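Participant: I have a structure here, written as structure tokens, and I will follow up with some questions on it.
Nothing in this text is a laboratory measurement; each read-out follows from the coordinates by a stated rule. Please read these numbers as outputs of a predicted model, since none were measured by experiment. Glycine also receives a Cβ, built like all others from the backbone with ideal geometry; neighbour counts cover every protein chain displayed.
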Amino acid sequence: MSSSLIRVAPSGKYFRFGDGRPFMPLGHNTYSEVFTVYGYESTLYPVEQLEERFARLAEHGGNFLRLFIPANLQRGFFRTGQMDPEEEARLDLVFALGEKYGLYFYVELLMSQYYTAWYHADQWLASPYNSANGGPVTCAACPGPLPANEHPDFLEKYRARLRMGYSLDNAEFVRAQQAKLQWFLDRFSGNPHVFCWGLSNDLPLHDEMDEVLQPWLREMSGYLREHDRHHHLLTLQTYSGTVWPEWVRDCLDFTSIRAYPWSTPGIRDDALPEEVQGRNPNNIAIWLNHKAKEHLAYGQPAICGEYGGCTVRTDDAHGQRFSLDNRDLLRSRATLYGLWAPLCSGSMPGHRWTGYDGFYPLTTEEYGWLAAVRAFCDRVNWAAFDPHSADEQVSVDRSDCSVVAVADESLLLAWVWDRLWVGGPRRVPVSLRLREAPAGPVRVEWVDCYTGRITRAETYAQAPTELALDLDECAALVIRRL
């Protein structure tokens, strides 16, 4: 079985199977059931529909699902670790379908939202521990369950919730959490289609939180390290602007990036008016490159575990380009950019949040893009790639276009896109300038991001210092040393 388990590659930047084959995760987020909004009501998909969507994902090169454990199963926490037999059977079915279609699961075990007032106030009150410590956190400015990330006192209020929800002073609560972990280990640790365990979703990592989170994270990661006989990888998901402290990375095997264009602090596209910044799909690409390069410096693999669409505001004076009337185009652009930008920035292709209805199906066009990325990925030996940022070595001659790049001694990957493309036809001539590339004879390949096909390939005795093309929205560049 060890040959089929997923491990960190020797470079420390990507993944491979135990037998040395590279593993590049490609897929999206899902539940095993459907939520309307924040889990208030849930409905199970018919098995036939679930299987159809697993099969379609696999057919287009997908091999990965970030699996949120459903609320019904999570309610076991509030009965100190008891589980719901119906949900247990459902989860068994999901894993069986994953095995059938070659999908690997990032299993999100402990979701921080389930211990906060703003997400499940009824369940919060149902916990004897939380009730004894005051129930939901409220304040005069925002009575009732508090939407934590929208309140000016976000950090202090969230600290209070974490003290109530994650406090290691309550041994019964810790035992209930560990009982949940142990249930998953007993049932699924021997399943090679477990890619990794996720210890929390949307966990806020701030210096001020260290006193609260350090003991909890060390306790829970230590428990999994000790009791998981197959030593699956560990990670967690945080908010968009997080810088990962070293003590967090020491507890985990890889980091995970989150990106939404309306909540990416400090990231802007100055080519566009202020009123459209929150709907601009370019922010997905800009932010993911920014975070991927930051995580690349950590020396661990990084995946884009979650990113979402761009249509959360009302109309604007900029016409249809970034308005809700154009939401299908915007959502698709966010999907496309979220796949390619991190892949050519030192991370993995992005895994899109699939909507509040859980397993929201991708469009036919978006499935095609997954297949294109898979075709691209299959031509790269990721297990041997040890990249550094090459953004300073590759530039584009147009102010309305951008390029991101990574490279090592043998390989350079770059992705260039037209930031003002909104549905075409708009073909623009661009010139890429290369200040550094793999030395010696090289093969230069241009890749169509819609299909994954190589559209042009040339061999040079030395890498050229300038490359030209007519750009139709975006293209990928590969330079390989021969």
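Participant: So, in Å, what gap is there between the alpha-carbon centers of the range 444-463 and the range 378-399?
Facilitator: Here the two parts' Cα centres lie 14 Å apart.
Participant: Using the charge dipole of the range 337-482 (Lys, Arg: +1 at Cβ; Asp, Glu: -1 at Cβ; taken about the Cα centre), state which of Gly346, Leu370, Trp417 has its Cα farthest towards the positive end.
Facilitator: Farthest towards the positive pole: Leu370.
Participant: Net charge near Glu226: determine it from the other residues with C-beta under 13 Å of the C-beta of Glu226, scoring Lys and Arg +1 and Asp and Glu -1. Mind showing how you got there, number by number?
Facilitator: On the way: positive: Arg218, Arg225, Arg229; negative: Glu219, Asp228.
Value of the local net charge: +1.
Participant: If you don't mind, there's one more thing I want to ask. Give the peptides 52-60, 404-412 in descending order of average Cβ contacts within 10 Å, highest first.
Facilitator: Details: 52-60: 17.6, 404-412: 21.8.
My ranking of the peptides, most packed first, is 404-412, 52-60.
Participant: Using R₀ = 56 Å, calculate the FRET efficiency as 1/(1 + (r/R₀)^6) where r is the Cβ-Cβ separation of Ala461 and Arg225; round to 0.05.
Facilitator: Numbers: r = 51 Å, r/R0 = 0.90.
Efficiency computed from Cβ-Cβ geometry: 0.65.
Participant: Now for a separate question. Distance in nm between label sites at Glu436 and Ala96, each 7 Å beyond Cα in the beta-carbon direction?
Facilitator: The two pseudo-label positions are separated by 5.3 nm.
Participant: Follow-up. Report the calculated FRET efficiency for Glu52 and Ser3 (r = Cβ-Cβ distance, R0 = 25 Å), to the nearest 0.05. Intermediate results must be reported in sequence, preceding the final value.
Facilitator: Working: r = 31 Å, r/R0 = 1.23.
Efficiency computed from Cβ-Cβ geometry: 0.25.
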